[in-house]
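Read the structure below first, then the notes.
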Amino acid sequence: MPGNTFGTLLTLTTFGESHGPAIGGVVDGCPPGIALSEADIQPYLDKRRPGQSKYTTQRQEADRVRILSGVFEGVTTGTPIGLLIENTDQRSKDYGDIKDTFRPGHADFTYFTKYGLRDYRGGGRASARETAVRVAGGAVARKILEKLVGKRLKIQGAMVQMGLHAIDRRRWKWKTIDANPFFCPDAIAAEDWARELDTVRKSGSSIGGVVEVIASGVPAGLGEPVFDRMDADVAKALMSIPAVKGVEIGAGFAAAQLCGEDNADEIRIGTRGKPEFLSNNAGGTLGGITTGQDLVARIAVKPTSSILTPRRSITTTGQETDVSTKGRHDPCVAIRAVPVAEAMLALTLADHLLRFRAQCG
């Protein structure tokens, strides 16, 4: 069980390393007859693509996706969809000096301990480069959701905190996220972050952040009541993203500070004669099953471990040493985690929608 596949009925298997010739994936379980082309996938990859501003890694990758299989005459065939993204701007020489050194905060030590060897070039399989394939797979999942549910189901993400500085939710505007390099819904906060990240970037350090992802228009009834709860599967999907160290659903940890009266999401009959929740502390699920409200999750993303400041470590032969990481790295990796979080939520929802149809019709 090597753990390279995500999902139950709709699965995504990824392959490739940061500095290999290509990365790619196979989406299996997609229903036939869904319109799909590379043009449907590319816009989401462009959102995640590196080198678009001074606040992300300057590695220049076009991230052009190729569909190798599973699509014929513009529609899915029901067979595995092969996706390929070539790596074109690797600089493996940047890592030659540390090939025998474990970088603190990275997976170097654990990979070496598990396998007895490791691909030191940019982190190999542990690199966030792998997440480009998740974004491509998430684009396929979005097409499935659109076909089965319609365009009313929308998945959107935003960065809501950088370091100690959170947005003012009273200023939240979705259109603002396209007007700044941080996917930030608060224009004033984005200006503050730019100044702060400039300082962090020039010092060769890094900073963490919080990303919020919201799915609106989600049908009620998705998810299972015990082990395959919707919130549990969303948490696993988001926690699998590199550098993510925490996941919240709905009110999350803040719910521990509430009393039962405040935390309970009361229900009334709305103007259209349907149930209407008066709050959403549960984040769109009850008992592991979606309520029809917005599904809301947040992830805490740690600071990028690749920094210029020397940190204490050891070598593969057990010698103590200091190590600093050269190369091109994100001073705040949380920025590019936004489209990845959207993709993982899309994959989870599409998988559960297909499971619901299989069981409940």
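Data for the structure
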| quantity | calculated |
| --- | --- |
| Residue check for GLU224: in contact (Cβ under 8 Å) with a residue 60 or more places away in the chain, closer than 19 Å to ALA297 by Cβ and over 22 Å from the mean Cα position of the chain (by Cα) | yes |
| Among residues of the stretch 158-183, those that are more than 14 Å from GLY208 (Cα to Cα) and part of a loop (DSSP other than H, G, I, E, B), counted | 7 |
| Residues of the stretch 225-242 classified as buried (at least 16 other Cβ atoms within 10 Å of the Cβ) and modelled with pLDDT of 95 or more, total | 10 |
| Leading residue by the ranking (nearest to PHE15 (Cα to Cα)) among those in the stretch 59-83 that are of a type in the set (Asp, Glu) and modelled with pLDDT under 95 | ASP63 |
| Residues of the stretch 139-194 that turn out to be farther than 24 Å from ILE207 by Cα, out of contact with any Leu (no Cβ under 9 Å at 6 or more places or on another chain) and open to solvent by less than 30 Å² (accessible area, probe 1.4 Å), as a count | 1 |
| Within the stretch 243-260, considering residues that are aliphatic (A, V, I, L, M) and either exposed (fewer than 14 other Cβ atoms within 10 Å of the Cβ) or in contact with a strand residue (DSSP E or B) (Cβ under 8 Å, 6 or more places away or on another chain) (or both), the one farthest from ALA132 (Cα to Cα) | LEU258 |
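The values are calculated or read from the model by the stated rules, or taken from the named source; none is laboratory data. Source: prediction; values computed, not measured. Every residue, glycine as well, gets a Cβ built from its backbone with ideal geometry; the counts of neighbours run over all protein chains shown. Please note that ligands, DNA and RNA were not included when accessible areas were found on the heavy atoms of the full protein model with its side chains. Shrake-Rupley method; radii C 1.70, N 1.55, O 1.52, S 1.80 Å.
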